[in-house]
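For reference, the structure is listed below as structure tokens.
The values are calculated or read from the model by the stated rules, or taken from the named source; none is laboratory data. Predicted model only: the values in this text are computed from it and were never measured. Glycine also receives a Cβ, built like all others from the backbone with ideal geometry; neighbour counts cover every protein chain displayed. These area figures cover heavy atoms from the full protein model, side chains too; ligands, DNA and RNA do not enter into them. Shrake-Rupley method; radii C 1.70, N 1.55, O 1.52, S 1.80 Å.
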Amino acid sequence: MKKRILSIIQYLFFLLIGFVLLWLVFRKIDITDVATEIRSAKYSWLLLSITLGIISHIARAMRWNILIRSLGYKTDTQTTFYAVMVGYFFNMAFPRLGEVSRCGVLSKKKGIPFNSLFGTVISERVFDTIVLAVIIVAVIFLQFSLLSNFVDKYIVTYFSGIANRDNLVIAIILVALFIILPILLFRIFFHRIKEMHLYNKVKDFVMGLLAGITTIMKIKQKWSFLGLTLVIWTLYTLMTFTAFFAIEATSSLSFIDAITVMSLGSLGMVAPVPGGVGAYQFIVKAILVEIFLIAAEPAVSYSIILWSAQSLMIIVVGAISYYILVFKKSKVQHEHA
């Protein structure tokens, strides 16, 4: 009961963060202009973006099948796709529940052990995290002039303004308190920390991540896996790029610009906020306004319509996928009854 209450509190806390970020997004924004931008958007481009999104999820299902086959189990792409969409569907409301739910439905449907499936999902997430990090580093080099101006304006200038002697002393004290002191305490009490349940959970999690990486390295269809990974992230970028043309103000942005928006915007979607609401809009608006110098109203409009289009697709296709998996399961059970 206590654990459930803590989970609810945690959920409400991150949901509140999402709403606070949304408030920051719309603060000092002319809502009427945003509404006008959204009404006048070219929805045919959004339909294309949604179609590319669905194809990317099919590619993800195909890639997941490679990991499942590496464990000696078989499943078809159609069923795996339904399971992937069920995962995204549950993630919209409850972050991180999607990984559990997609493994759960596929385990029951195909008789594959849940633990084995969950291990493949960890492997997949680890690999995608590495890929996203590589893309972000590439973006820094590709958009270096734009990003360096942003850093100079909003980070270097800020820290230069506070870098006096008093603030430097405070910064040193904070570093000592929050970095050096915990490291020293960890070294002193390491033997006791090793006996703590939390330490073992963290250790198991890290070992699971390392095992996930080695699993990918051991698969026979490495090139197919890498090729599908390239397809997935290219489609993610195309989803972002095609949506540029839905809004007049963003229609002049390039494919390279789309990589920047996609990669940095993904940080908002992986944030522990339900459906990425607030976090995604906040990051995308900041990128468009501060880096690409797009006016605030169309920047907000773009972040809203792209997030809404993809979220609507996930909700509709995810709900249909869940219905199909449950319906087929019930039918089989009825036939054997």
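Can you name the residue in region 114-140 that is hydroxyl-bearing (Ser, Thr, Tyr) and open to solvent by 20 Å² or more (accessible area, probe 1.4 Å) and, of all such residues, is farthest from TYR280 (Cα to Cα)?
SER116
Taking region 293-318 as the region of interest, how many residues are of a type outside the set (A, V, I, L, M), open to solvent by 10 Å² or more (accessible area, probe 1.4 Å) and more than 22 Å from ILE31 (Cβ to Cβ)?
1
Kindly indicate the residue of region 93-113 that is modelled with pLDDT under 85 and either open to solvent by less than 60 Å² (accessible area, probe 1.4 Å) or assigned to a helix (DSSP H, G or I) (or both) and also nearest to GLY265 (Cα to Cα) among those meeting that condition. Let's see the steps before the verdict.
Narrowing region 93-113 to residues modelled with pLDDT under 85: 93-98.
Of the ones still in play, those that are also either open to solvent by less than 60 Å² (accessible area, probe 1.4 Å) or assigned to a helix (DSSP H, G or I) (or both) are 93, 95, 97-98.
Details: ALA93: 19, PRO95: 17, LEU97: 21, GLY98: 20 Å.
This residue is PRO95.
With (1) open to solvent by 70 Å² or more (accessible area, probe 1.4 Å); (2) closer than 19 Å to PHE245 by Cα; (3) of a type in the set (A, V, I, L, M, F, W, C) as the list, and LEU52 as the residue in question, which single condition is left unmet?
(1)
Please enumerate the residues belonging to region 62-73 that are buried (at least 22 other Cβ atoms within 10 Å of the Cβ) and free of Cβ contacts under 8 Å to residues at least 60 places away in the same chain. Quick ask: steps written out before the conclusion?
Keep residues of region 62-73 that are buried (at least 22 other Cβ atoms within 10 Å of the Cβ), which gives 63-65, 67.
ASN65, the sole residue that qualifies.
Restricting the first residue to region 18-38 and requiring it to be surrounded by 14 or more Cβ atoms within 10 Å (Cβ to Cβ), which pairs with a second residue that is hydroxyl-bearing (Ser, Thr, Tyr) meet a Cβ separation below 8 Å and a spacing of at least six or different chains?
Listed by first residue and then by second, the contacts come to VAL25/SER303; VAL34/SER301; GLU37/SER301; ILE38/SER301.
With region 195-273 as the region, which helices (runs of 4 or more DSSP H) entirely inside it contain at least 1 residues that are at pLDDT 95 or above and not hydrophobic (A, V, I, L, M, F, W, C)? Spell out the reasoning first.
On the way: elements: 197-218, 222-244, 255-269.
Here the list reads 222-244.
Right, LYS153: of a type outside the set (Gly, Ala, Ser) and modelled with pLDDT of 60 or more or not?
On the way: of a type outside the set (Gly, Ala, Ser): yes; modelled with pLDDT of 60 or more: no.
Criteria not met by LYS153.
Need the failing condition index for ILE5 against (1) modelled with pLDDT under 90; (2) open to solvent by less than 30 Å² (accessible area, probe 1.4 Å); (3) of a type outside the set (Phe, Trp, Tyr); (4) in a helix (DSSP H, G or I), just the number.
(2)
Would you confirm whether any residue within region 257-264 is surrounded by fewer than 21 Cβ atoms within 10 Å (Cβ to Cβ), among the acidic types (Asp, Glu) and over 26 Å from VAL126 (Cβ atoms)?
Scanning region 257-264, I find no residue that is surrounded by fewer than 21 Cβ atoms within 10 Å (Cβ to Cβ), among the acidic types (Asp, Glu) and over 26 Å from VAL126 (Cβ atoms), so the answer is no.
State whether one or more residues within region 74-87 are touching a residue at least 60 places away in the same chain (Cβ under 8 Å), under 28 Å from ALA271 (Cβ atoms), open to solvent by 10 Å² or more (accessible area, probe 1.4 Å) and of a type outside the set (Lys, Arg).
Taking every residue of region 74-87 in turn, at least one turns out to be touching a residue at least 60 places away in the same chain (Cβ under 8 Å), under 28 Å from ALA271 (Cβ atoms), open to solvent by 10 Å² or more (accessible area, probe 1.4 Å) and of a type outside the set (Lys, Arg).
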